[in-house]
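A short write-up of the structure that comes next.
The values are calculated or read from the model by the stated rules, or taken from the named source; none is laboratory data. Every value quoted in this text rests on a predicted model; they were computed, and no experiment measured them. Neighbour counts are summed over all protein chains in view; Cβ atoms, including those assigned to glycine, are modelled from backbone coordinates with ideal geometry.
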Amino acid sequence: MLKNFLSDNYRLNLMVVDDHPLYVEGLTLALARLTPTEHIQAFTNGIDALEWVLSGKRVDLILLDLNLPDQDGISFLQQIRKRKLPIPIVILSASEDPADVHASLVAGASGFISKASSSAQLIASINEALSGNPCVPDFYQPSANIANSLTDDLNITPRQLEVLKLLASGMPNKRICTTLGLTEHTVKSHLKALFSALEVHNRTECVNVAARLGLI
């Protein structure tokens with residue numbers, strides 16, 4: 001069972017980055033009403049938001065708009081990921097273009113939520129993201145072309161993708177070795193490369209991120 005972060009026993013520090021004041025105000029009020037939130041910090045630009053994050057303040061999750069006045073959301077996301085900060089970042093956008101979802105996930109977003117989502121959908125998606133699980137809108141259906149593009153972007157080889165798919169099926173290393181005719185050392189090397197490409201630390205995270213990206 002997933003840990004329910006949105007419970008009375010866990011109070012969140014959330015950040016909202018969006019340049020539409022009325023939307024931010026409404027979202028902040030909704031989050032404060034619907035979640036056990038300790039603090040919600042809102043910013044209308046990426047520079048101030050990044051400065052706040054880098055100051056060492058506790059941030060449990062960032063809700064980020066794709067279109068900011070000083071930089072696009074993808075750029076902000078890449079700056080956070082470049083610094084290896086383990087903060088879940090969920091894109092909150094009016095866009096329903098699968099290419100925007102794809103670009104966000106490749107850049108390291110923990111998920112993508114449509115601004116047309118209901119309050120219940122928003123809260124459910126936040127909890128999924130905090131739990132490390134895929135959080136993508138229904139309109140995003142990764143195609144073979146998207147998967148191929150992702151493997152190129154992430155430098156994942158065809159053999160590593162085979163290992164990934166067997167890993168996702170629940171196979172232990174020894175069965176993967178037998179199935180693919182590889183040595184255990186080679187399988188471990190492929191897994192290490194996959195963990196690095198997907199920026200994860202264990203098998204469960206690897207499968208979850210791969211599923212979110214549409215690789216499996």
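Observations on the structure shown:
- Residue in segment 58-77 that is buried (at least 21 other Cβ atoms within 10 Å of the Cβ), of a type in the set (A, V, I, L, M, F, W, C) and part of a helix (DSSP H, G or I) present: yes
- Close contacts from segment 60-86, counting a first residue that is among the hydroxyl-bearing types (Ser, Thr, Tyr) and a second that is assigned to a loop (DSSP other than H, G, I, E, B), with Cβ to Cβ under 9 Å and a gap of 6+ residues or different chains, come to Ser75/Leu68; Ser75/Ala107.
- Picking from residues in segment 147-179 that are among the charged types (D, E, K, R) and closer than 17 Å to Ala211 by Cα, the one that is surrounded by the fewest Cβ atoms within 10 Å (Cβ to Cβ) is Asp152.
- Residue within segment 180-198 that is surrounded by 17 or more Cβ atoms within 10 Å (Cβ to Cβ), in contact (Cβ under 8 Å) with a residue 40 or more places away in the chain and outside the structural domain of Asp60 (by TED's automatic domain parsing) present: yes
- In segment 78-94, the residues that are modelled with pLDDT of 85 or more and either closer than 17 Å to Glu199 by Cα or not in a strand (DSSP E or B) (or both): Gln78, Gln79, Ile80, Arg83, Leu85, Ile87, Pro88, Ile89, Val90, Ala94
- Test: residue in segment 196-215 that is in a helix (DSSP H, G or I), under 26 Å from Ile87 (Cα atoms), over 14 Å from the mean Cα position of the chain (by Cα) and of a type in the set (Lys, Arg): yes
- Any hit, segment 184-192, residues being small (Gly, Ala, Ser) and in contact with a Pro (Cβ under 9 Å, 6 or more places away or on another chain): no
- Qualifying residue in segment 31-40 (condition: within 21 Å of Ala120 (Cα to Cα) and of a type in the set (S, T, N, Q)): yes
- Selection status of Ser104, assigned to a helix (DSSP H, G or I), closer than 28 Å to Leu54 by Cβ, touching a strand residue (DSSP E or B) at 6+ places or on another chain (Cβ under 9 Å) and small (Gly, Ala, Ser): yes
- Residues in segment 96-109 that are at pLDDT 85 or above and either within 9 Å of the chain's Cα centre (by Cα) or closer than 17 Å to Glu205 by Cα (or both): Ser104, Ala109.
- Meets criteria (in the same structural domain as Pro21 (by TED's automatic domain parsing), in contact (Cβ under 8 Å) with a residue 60 or more places away in the chain and buried (at least 20 other Cβ atoms within 10 Å of the Cβ)) for Ile91: no
- Entry remark, segment 107-131: residues being of a type outside the set (S, T, N, Q), in a loop (DSSP other than H, G, I, E, B) and surrounded by fewer than 21 Cβ atoms within 10 Å (Cβ to Cβ) number 4 in total.
- Cβ-Cβ contacts under 9 Å between residues 6 or more apart (or on different chains), taken from a first residue in segment 26-49 that is in the same structural domain as Val16 (by TED's automatic domain parsing) and more than 25 Å from Ser75 (Cα to Cα) to a second residue that is of a type in the set (Asp, Glu) and surrounded by fewer than 18 Cβ atoms within 10 Å (Cβ to Cβ), are listed as Pro36/Asp8.
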